Amino acid sequence: MEVAIFLYNILLILLFALNAQAFGLLWSKGRRKLDFWLMVMFLVFIVDDMLYYLAEFVDKLSASYSSVFAPSTFLAVGVNMAIIFSYYMISHNLRGLEVGYTPCIWWFVFSMCMAAAAGAGQENPVLAVAQNTLLIAIGVGQMLLAGARLGPAVPENERKGWRRLCWGCGVMMGLSAAEYALWYVFPQLSLSSLLNVISQRRLFLELMSIVMAFAGLAYTGRRQALLAAAPAEGAKAAPGQRFAAAYDLTGREREVLELVIEGRSNQQISETLCISLGTVKVHLHNIFQKADVTKRSQLLEEVQRVESGE
């Protein structure tokens, strides 16, 4: 059993590290905030998994799992707060919402209060359940909101996948909260050391982590393939090709971008693509939002930076 748990932790850490590296590389190429916060999420996952593995090692996988060392300590609560905050930022980026400094400051204050409470009452199981349930409830809310209200920055061909992933993660997080509370209310349900470890680690959160890890690898793999795709020999690369791949532009948004790079006005783009002027403005707004710019000059500067590989 110790070997199985060891291999499981190594596999998780490896998957998380691959995702963090992949999203970090995408962020370095496109400076997309969503990629940055996905990278942060997987980095915190690594720390979280290492803490749990250390707890299991110290307890030697015994039936009497130490709640003093594991999820109710100051450090572990801080890690949980960081994970939930990354969910918050990912959700806001998927929904196309801006996050100012004020929510970050309030979350930091909230984190310090939660961690201080954990340190003061680390042997209190009721406090541990309350803290974890509150944090998971916040995470569930963010995931379900993201699934229900995806913003225009999410390409049409990815909306269904993101929606399913967010809703699925929200449901699994909710089930993990129920599982965690049930374990404390009915500790006799843990009939063996293996069940104890599974219950304490929360099986549904483990499943969610695995799903997110493989989904992240598949997603970053597709993005990297688009970025690395070179035009056929003798063919001319489309203007802004790397930029379009880095920022997940739709087919129509790519066409609009090419014309913007050529210096066409909105009216000329409308006539060239046979779409209304209002539709052109909508596509431009979506491109601006994805690239986090507010005007054409900034967009062209960002295109030049990405295309030059800076």
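The values are calculated or read from the model by the stated rules, or taken from the named source; none is laboratory data. Computed from a predicted structure; not experimentally measured. Here the Cβ positions follow ideal geometry from the backbone for every residue, glycine too, while neighbour counts run over all protein chains shown. Side chains are part of the model used for accessible areas, which takes the heavy atoms of the whole protein and leaves out ligands, DNA and RNA. Shrake-Rupley method; radii C 1.70, N 1.55, O 1.52, S 1.80 Å.
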Roughly speaking, what is the stretch gain from TRP167 to LEU277, that is 0.36 nm per residue apart minus the C-alpha to C-alpha distance, in nm to one decimal?
-> 36.1 nm
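What is the extension gain from GLN21 to VAL126, computed as 0.36 nm multiplied by their sequence separation minus the C-alpha to C-alpha distance, in nm to one decimal?
34.0 nm
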Hey, what's region 1-46 come to in accessible area per residue, 1.4 Å probe, Å²?
-> 47 Å²
Among ASN266, THR294, THR250, whose Cα sits farthest toward the positive end of the charge dipole of region 249-298 (+1 at Cβ of Lys/Arg, -1 at Cβ of Asp/Glu, about the Cα centre)?
-> THR294
Could you work out how far apart the two model spin labels at LEU182 and LEU97 are, taking each label as a point 7 Å from the Cα in the direction of the beta carbon, and quote it in nm?
-> 3.1 nm
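Based on the mean of other Cβ atoms within 10 Å per residue, sort peptides 262-275, 89-102, 160-173 so the most packed one is first.
Per-residue Cβ counts within 10 Å, averaged per peptide and sorted highest first, yield 160-173, 89-102, 262-275.
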